[in-house]
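Remarks on the structure that follows.
The values are calculated or read from the model by the stated rules, or taken from the named source; none is laboratory data. Since we're looking at a predicted model, the values are computed, not measured. Counting neighbours? That spans all protein chains shown, and the Cβs are built from the backbone with ideal geometry, glycine included.
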Amino acid sequence: MKFRNIYLVLGLAIIILSGCKNSSEEAPQAETIKKVKVETITDDVVQNTMTLNGKIKEKSLTSLSFRVGGPLKKLNVKQGDYVRTGQVVAEIDDRDYQLQVETSKAQFEQVEGEYKRYKQLVGQKKIPENTFEKIKSGYLMAKTAYENAQNQLNDTKLKAPFSGFIYEKFVENYQTVGAGIPIVSIIDNSHLEVVASVAESQLNRIKSDKKSFLDVENAGIEKLPVQLFSVSEKAMQDGLYEVKFSFENKKDFKVAPGMTAEVTIYCQSGENQLSVASTAIFHEKTSTYVWIYNSSTSQVEKRQVKISLDGSNGRVNISSGLNNGEKVVTAGVHYLVEGQKVKPLSTPSETNVGGLL
């Protein structure tokens, strides 16, 4: 009887525990709904600016060389010197060239006298025309030789073609140099350029540039107006296109070639363009998408879109794929899946700072 009571108690305990276990397993799990930030698309905000990162570059970097050869007699500059247009940078020993001028001059003067006499005689028809033509030919050859000797003498002085700074020196004084051998390189800093690379999708927007402004943080330059100088017609090896903006380099500027810079472009924007936060955009392979929030089902739907302008201030323009009034998820887009249920985050009022109330 005692053992029977024990078995009865154990049986009841097993039944109770089994019932509890089954009831816990059968309880429905609460569905996890992700909270997301949502933005309603409107056409009253059009992002018509874009920002490009680039480098400051000199307008011109030119290597200077003599047109004649010989021993270098004077090298009048050193690296970093400022030279003006026409200033003599270097000189070649002109001894041999001076002698050549004197010789060719004597020959020319002799032939010139004969030419004048024969010209007078042919005018009087005292000599045949073909005789005069030979004298004329010799005269022109002597004249050319004399002028060439004078030019070579002048070319023994190497002059700066424009004002700028000596960037590099390639030879030393008293060294014998040949024609065409670089002597120095000179930078034209009167105007500078900002060089940037852009994608194919941005080309048309850049060509419709209305106003552009330059910022160079390390030079203390902000909102300096610059002009669109050129847009390359052919892509570079990386598939991007080179764009150049130019500006005058004033004396009080502390900008130098090689500095990093930003150019903000104000473009012409088309009518009825829609703007969306750039955080709403995500890419899969070669396509661009956003998540559309359906308020009736509380689910998200993936939608392919086309971007017409990568803008500044964290926004982009959409040329197709969105409609005015639709709601787009703008945060956590990389963690959503098609048809997932979400709940929009409530927007705190201006008086409820931090959304604590």
Next item on the list: Would you mind finding the one in VAL226, VAL243 that is of a type outside the set (Asp, Glu), closer than 29 Å to SER319 by Cα and without any contact (Cβ under 8 Å) to a residue 40 or more places away in the chain?
Entry: VAL226
Check: Of the conditions (1) more than 40 Å from the chain's Cα centre (by Cα); (2) surrounded by 15 or more Cβ atoms within 10 Å (Cβ to Cβ); (3) touching a residue at least 60 places away in the same chain (Cβ under 8 Å), ALA145 fails just one. Which one is it?
Finding: (3)
Notebook entry, point to check: Looking at region 230-244, which of its residues are touching a strand residue (DSSP E or B) at 6+ places or on another chain (Cβ under 7 Å), among the small types (Gly, Ala, Ser) and part of a loop (DSSP other than H, G, I, E, B)?
Noted result: SER232, ALA235
Notebook entry, point to check: Of the residues that sit in region 152-162 and are out of contact with any Gly (no Cβ under 9 Å at 6 or more places or on another chain) and in contact (Cβ under 8 Å) with a residue 12 or more places away in the chain, which one is nearest to ILE181 (Cα to Cα)?
Noted result: LEU158
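Is it fair to say LEU153 is at pLDDT 95 or above, among the aliphatic types (A, V, I, L, M) and not in a helix (DSSP H, G or I)? Steps first, please.
Numbers: at pLDDT 95 or above: yes; among the aliphatic types (A, V, I, L, M): yes; not in a helix (DSSP H, G or I): no.
Against the criterion (at pLDDT 95 or above, among the aliphatic types (A, V, I, L, M) and not in a helix (DSSP H, G or I)), LEU153 does not qualify.
Please work out if GLY325 is under 17 Å from VAL276 (Cα atoms) and at pLDDT below 90.
On the way: under 17 Å from VAL276 (Cα atoms): yes; at pLDDT below 90: yes.
So GLY325 passes the test.
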Next item on the list: Output the residue which, of all residues in region 234-263 that are aliphatic (A, V, I, L, M) and more than 13 Å from GLU58 (Cβ to Cβ), is surrounded by the fewest Cβ atoms within 10 Å (Cβ to Cβ).
Entry: MET236
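Among what's in region 188-199 and is modelled with pLDDT under 90 and in a strand (DSSP E or B), pick the residue that is nearest to ASP215 (Cα to Cα). Walk me through it before giving the result.
From region 188-199, those modelled with pLDDT under 90 are 188-191, 198-199; that's our starting set.
Checking which are in a strand (DSSP E or B) leaves us with 188-191, 198.
On the way: ASP188: 21, ASN189: 18, SER190: 18, HIS191: 16, VAL198: 18 Å.
The selected residue is HIS191.
Output yes when any residue across region 245-256 is part of a loop (DSSP other than H, G, I, E, B), of a type in the set (Val, Ile, Thr) and over 12 Å from the mean Cα position of the chain (by Cα), and no when none is. Let's see the steps before the verdict.
Going through region 245-256, the residues part of a loop (DSSP other than H, G, I, E, B) turn out to be 249-256.
Now drop any that are not of a type in the set (Val, Ile, Thr), which leaves 255.
So of that shortlist, the ones also over 12 Å from the mean Cα position of the chain (by Cα) come out as 255.
Checking region 245-256: at least one residue is part of a loop (DSSP other than H, G, I, E, B), of a type in the set (Val, Ile, Thr) and over 12 Å from the mean Cα position of the chain (by Cα).
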Margin query: Suppose we filter region 157-174 for residues that are of a type in the set (Ser, Thr, Tyr), assigned to a loop (DSSP other than H, G, I, E, B) and farther than 13 Å from ASN76 by Cα; how many remain?
Written below: 1
